[in-house]
Amino acid sequence: MEHVLEKYGIDYKDGIVNRGNLGRLKKCMEKARQGGKLTLGFIGGSITQGSLSSTPETCYAYLVFRWWAETFPQAEFTYVNAGVGGTTSQFGVARVQEDLLRHEPDFVIVEFSVNDEDEEHFAETYEGLVRKIYGSGFAPAVLLVHNVRYDTGVNAENQHRKIGKAYHLPSVSMKPTIYRKVEEGKLPAREITPDDLHPNDEGHALVAGVICGFLGDVCAEGKETEDGGENGLPEAVTPNAYEHSVRYRNDNCEPECAGFAGDTDDSAENTEKNFRKGWTASRINDRIVFKVEGTEIAVQYRKSVRKPAPVARVTVDGDGEHAHVLDGNFGEDWGDCLYIDTVAERLENRVHEVEITIVEGNAATDGETAGKEVAVPFYLVSVIGSR
């Protein structure tokens, strides 16, 4: 991967935006030197998932995994890729236990800087995710990775770097490295990305090169010379209302349903794993009611490219004045989107009633409400309660 950086005159050192406390990372490397068994985990959006890489083995995450395997051939490594396209750190913190932490990874890369927006809300959700990972009892090493849009340079790095510095976590960025060359006209964007966001194989190799350049430096330093960050988590720098998030799905709760049906398809053929264990409905006035504990409430649902799709309305504690609309129609064309909508914040920490009702869809069965045939049902993936 070094030769790819050299090809474009990129110095990975420019991307080290925070060196952080390297104690845990050096412990991982020492464990690998001793021939131990390590699990390497990656969580993020579509770039981590490997979108637009030609194979799963040419995405940046696998290339970083391969760096560990080649650098420490005496060790045994397990690869866990928990990237999910089109999702933010708000969803990340709600799913990280199930998708990643249950594997007890030794090393974790967190990558959400092009999925989150540059606003305080995502500093808070990102902090919740970082605290959830870094505070795990098995004390994984954490590296924060900041990807970037290659047409505008936009990302949420300003928000995420605040969290990284507060927790003394190493962080690397593609903005002062790969993007800088694009901005200077020294690297044609189309050589590394077809859409100014998702890297192709060359782009993934560059991202991995920046990351592995940093890891190589740490490796060359030898054994740990810093504490391993075992003194507990620092005080939160945001209100931190998302660290403890629970997803309500049809396998862990029993909401009141009137027209909504649980999706119980667990067959191997049901490959759309992002749209499972939820509920579907199509008719106007179909209704589902949850009891959700927490101070922040979000609804996950499918926005579909198959139109028309149903539209729903959600209220919390019967507050119709602040109701939210959940529009199942997706304005993009790349595929169905696993969308998350925050519907209530800064509530009293107690159990709240969340009611979701279809307001645009097929005609109601009683014949009293006119409607139109929809192309696809409304798919409610989960309700998330956080505190």
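Every read-out reported here was derived from the displayed coordinates using simple, explicitly stated rules and does not represent laboratory data. All values reported here derive from a predicted model rather than from experimental measurement. Positions of Cβ are generated from backbone atoms using ideal geometry, with glycine treated the same way; all protein chains shown enter the neighbour counts.
How large is the helix-only mean residue ellipticity at 222 nm for the chain, computed as the sum of -39500 (n - 2.57) over DSSP H runs with n ≥ 4, divided by its residue count, in deg cm²/dmol to the nearest 500? Provide the component values of the computation, followed by the final result.
Numbers: 9 runs with 93 residues, N = 387.
So the helix-based figure for the chain works out to -7000 deg cm²/dmol.
Which one of ASN115, ASN274, ASN252 has the biggest mean-square fluctuation once the chain is modelled by GNM with Cα springs under 10 Å?
ASN252
If each Cα of region 1-121 is one equal point scatterer, what is log10 of I(q)/I(0) from the Debye formula at q = 0.16 Å⁻¹?
Ignoring solvent entirely, the Cα scatterers give -0.93.
For GLY36, list long-range residues whose amide hydrogen, built 1.01 Å from N in the peptide plane, is under 5 Å from its own amide hydrogen.
GLU76
Between helix 89-99 and the chain, what is the angle of the helix's C-alpha long axis to the longest principal axis, kept within 0 to 90° and rounded to the nearest 10?
80 degrees
Taking amide H positions as placed 1.01 Å from N in the peptide plane, with prolines and chain starts having none, which residues 5 or more places from ALA344, or on another chain, fall under 5 Å of its amide H?
Under 5 Å from the amide H of ALA344: ILE297.
Binned at 20 Å from 0, what are the whole-percent values of the Cα-Cα distance distribution for the chain, short to long?
27, 53, 18, 1
I need the shape label for region 115-224. Rule: rounded when a/c is under 1.5, else prolate if a/b > b/c, else oblate, with a, b, c from the alpha carbon gyration tensor.
On the way: a/c = 2.36, a/b = 1.35, b/c = 1.75.
Verdict is oblate for region 115-224.
Calculate the translational D of region 2-220 in whole µm² s⁻¹ from Stokes-Einstein, where the hydrodynamic radius comes from the Kirkwood formula applied to all Cα pairs, the temperature is 25 °C and the viscosity 0.890 mPa s.
Numbers: Rh = 17.0 Å.
Answer from the Stokes-Einstein relation: 144 µm²/s.
Could you tell me what fraction of 2.2 N^0.38 Å the Cα radius of gyration of region 307-387 comes to, as a two-decimal ratio? Write out the running numbers ahead of the final one.
Numbers: Rg = 14.5 Å, N = 81, 2.2 N^0.38 = 11.7 Å.
That works out to 1.24 for region 307-387.
Suppose every Lys and Arg Cβ carries +1 and every Asp and Glu Cβ carries -1, with no other charges. What dipole size does the chain come out with about its Cα centre, to the nearest 20 debye?
Numbers: 41 positive and 64 negative charges, 181 e Å.
Roughly 860 debye for the chain.
First check a/c for region 32-94, with a ≥ b ≥ c the square roots of the eigenvalues of its C-alpha gyration tensor; if it is under 1.5, answer rounded, and if not, answer prolate when a/b is larger than b/c or oblate otherwise. Walk me through the numbers before you get to the answer.
Working: a/c = 4.00, a/b = 1.71, b/c = 2.34.
It is oblate, given that a/c is not under 1.5 and a/b is not larger than b/c.
Among ALA323, GLY41, THR280, flag the residue with its Cα farthest along the positive direction of the charge dipole of the chain, charges on Cβ as +1 for Lys/Arg and -1 for Asp/Glu.
GLY41
Calculate how steeply helix 120-134 sits against the longest principal axis of the alpha-carbon atoms of the chain, using the helix alpha-carbon long axis, and give the answer as 0 to 90 degrees to the nearest 10.
60 degrees
If I take all pairs of Cα atoms in region 245-386, what percentage of them are more than 18 Å from each other?
Of all Cα-Cα pairs in region 245-386, 54 percent lie more than 18 Å apart.
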